[in-house]
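Here is the structure we will look at.
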């Protein structure tokens, strides 16, 4: 009995984590606390030694504090927050509304394009969803848009931030899987824009055949003359697009590392705010505070996850998972679908940060052994699977009962918007995300074509 309990300690450890994550305590403390608690329990059963606790400190220092790749995270966060708080994003959204006012579902399409552009500036989903809800939802409701379509569009568009480069999640995944950040960025470009394109086609077709869902915007909206229109485009649309192209282009061209490009992006966002005469003391204070709090949350989870992962592995969790997967006799395709199903189900209850930092290190050794034959180059299996996981994690923000994007939206939406309306609105977009995932599985070149062409 004792032997069985000791062998199953990693399972009890994971179940304890799953239960305590619903307790309301900060995730970082839960991760670290469960890790340390089971470390002491391992000492009692003589499967863990006290000296190993000091190894956790060195892991945190070497894996987090000395990791130059992770320096990019706070700067990307600063970049996106500055564009949001300085009003650059607001101007961009209005410009898109004017340009698309005659297109069916023009306002919803503007939100989708805005979500795509903002995805390339920040990987913080909460910031993107809250910003677009505050900016776009009141306008959409005033224009008699269907509330489900409006909320679903905002929530789904906001989730693109964790997939389209430069994504914080991709930076973290590249570090966990020991692959190049640039390679993973290139691999995620086409899938990210593919999802955005699928959203756009869906909204256009649905509103074209049912105009009552999205009444058109007034023709006299925006500048009255062509000169004023071009002035608005050059002021509100081109600068943020140029900034994004500079950041991503420098990474893809090999001119700058992701960390260096993030610094350029942070500086560029400051210059854009200055150019628009909105770089005030209040804005700077708000941006720095928000960025610091967000970074503290992410790196706190990093530290907690490091402690949890180390103890989990020391108790034999890796071996237990490997034996379980091998005993199922699934083969490479079976393992892939098992992992995709696991990530999808976990997305109903956990955030992408917890899923990535807990699940990915456990499956990383298995990924290196997968062989899909002629379906794709064996050397590109890990980037391909990483992008599949990233696309799959899109759903974690939208799937009830704990879809975080839904709660972000509900928190700042007008009281008339019920949670049932939001749930109804996201169902088609979750289906579209799964369609995108299937397309990437069936056609791996959607992921591999760009890195293969540019890195050869």
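Observations on the structure shown:
- Distance between modelled label sites at residue 253 and residue 61, nm, 7 Å Cα→Cβ extension: 4.0
- The separation of segment 292-313 from segment 337-383, counted between C-alpha centres, amounts to 20 Å.
- Between segment 154-212 and segment 220-268, the alpha-carbon center distance in angstrom: 19
- Span from the segment 1-57 Cα centroid across to the segment 408-456 one, whole angstrom: 34
- Summary of packing: across the peptides 241-253, 263-275, the per-residue average of other C-beta atoms within 10 Å ranks them, highest first, as 263-275, 241-253.
- Where only C-alpha atoms are counted, convex hull volume of segment 270-417 per residue in Å³: 183
- Residue-span extension gain [residue 453 to residue 234] - 0.36 nm each, minus C-alpha spacing: 75.6 nm
- Packing, as the average of other Cβ atoms within 10 Å across residues, places the peptides 135-146, 97-108, 368-379 in the order 97-108, 135-146, 368-379, highest first.
- Span per principal axis, largest first, for the Cα atoms of segment 333-456 (Å): 53, 28, 25
- Its Cα gyration tensor gives segment 187-305 an equivalent ellipsoid. The semi-axes, each the square root of 5 times an eigenvalue, are 32, 24, 18 Å from largest down.
- 0 to 90° range, to nearest 10: angle between helix 238-252 axis and the chain longest Cα axis: 30
- Once C-alpha pairs closer than 8 Å and six or more residues apart are averaged by separation and normalised to the residue number of the chain, the relative contact order reads 26 percent.
- In the chain, helical runs assigned H by DSSP with n ≥ 4 each contribute -39500 (n - 2.57); averaged across all residues and rounded to the nearest 500, the mean residue ellipticity at 222 nm is -23500 deg cm²/dmol.
- Convex hull volume of the Cα atoms of segment 354-398, normalised per residue: 65 Å³.
- The share of alpha-carbon pairs in the chain lying farther apart than 38 Å comes to 24%.
- Overall shape of segment 274-357 was characterised from the C-alpha gyration tensor. The equivalent ellipsoid obtained from it has semi-axes of 41, 17, 9 Å, in decreasing order.
- For the chain, the longest principal axis of the C-alpha atoms and the axis of helix 258-275 are separated by about 30°.
- log₁₀ of I(q)/I(0) at q = 0.25 Å⁻¹ - segment 1-58, Debye sum with one point per alpha carbon: -1.04
- With Cα atoms, 0 to 90° folded angle of helix 27-44 axis to the chain main axis: 0
Read-outs throughout are calculated quantities, based only on the coordinates presented, and are distinct from any laboratory measurement. Predicted, not measured: the structure shown is a model, and the values here were computed from it. We place every Cβ from the backbone using ideal geometry, glycine too, and count neighbours over all the protein chains shown.
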